[in-house]
């Protein structure tokens with residue numbers, strides 16, 4: 001992610017549609033805003049991925065909340081690799 005690389009300033013997003021807005025939020029590290037936007041547009045797989053990504057940077061109850069929603073989606077579609085990835089973060093929520 002651009003945010004992870006410290007290169008947010010190197011790209012301009014056209015914030016005229018959901019993808020531009022979500023990309024802008026993600027690049028700035030505002031994963032909660034990106035997830036809210038994607039969820040509102042019913043882009044479930046994208047929302048789940050952003051939640052999974054956000055969970056990696058969170059701890060405790062905040063991490064568990066993100067993982068719960070991501071896991072619900074991944075389990076419902078049988079995305080076993082993503083389920084394993086999310087479940088690996090669960091012990092760190094305690």
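No lab work stands behind these numbers, since they all come straight from the coordinates. Quick caveat, the model's predicted, so the values are computed rather than measured. Every residue, glycine among them, receives a Cβ derived from its backbone with ideal geometry; neighbour counts consider all protein chains shown.
Once you order the gyration tensor axes a ≥ b ≥ c over the Cα atoms, which shape class does segment 16-94 get: rounded for a/c under 1.5, otherwise prolate or oblate by comparing a/b with b/c? It comes out oblate by the Cα gyration axes.
Length gained on full extension, residue 80 to residue 36: 13.4 nm, using 0.36 nm per residue less the C-alpha separation. Model label points for residue 90 and residue 61, set 7 angstrom from Cα along the Cα-to-Cβ axis, are 2.0 nm apart.
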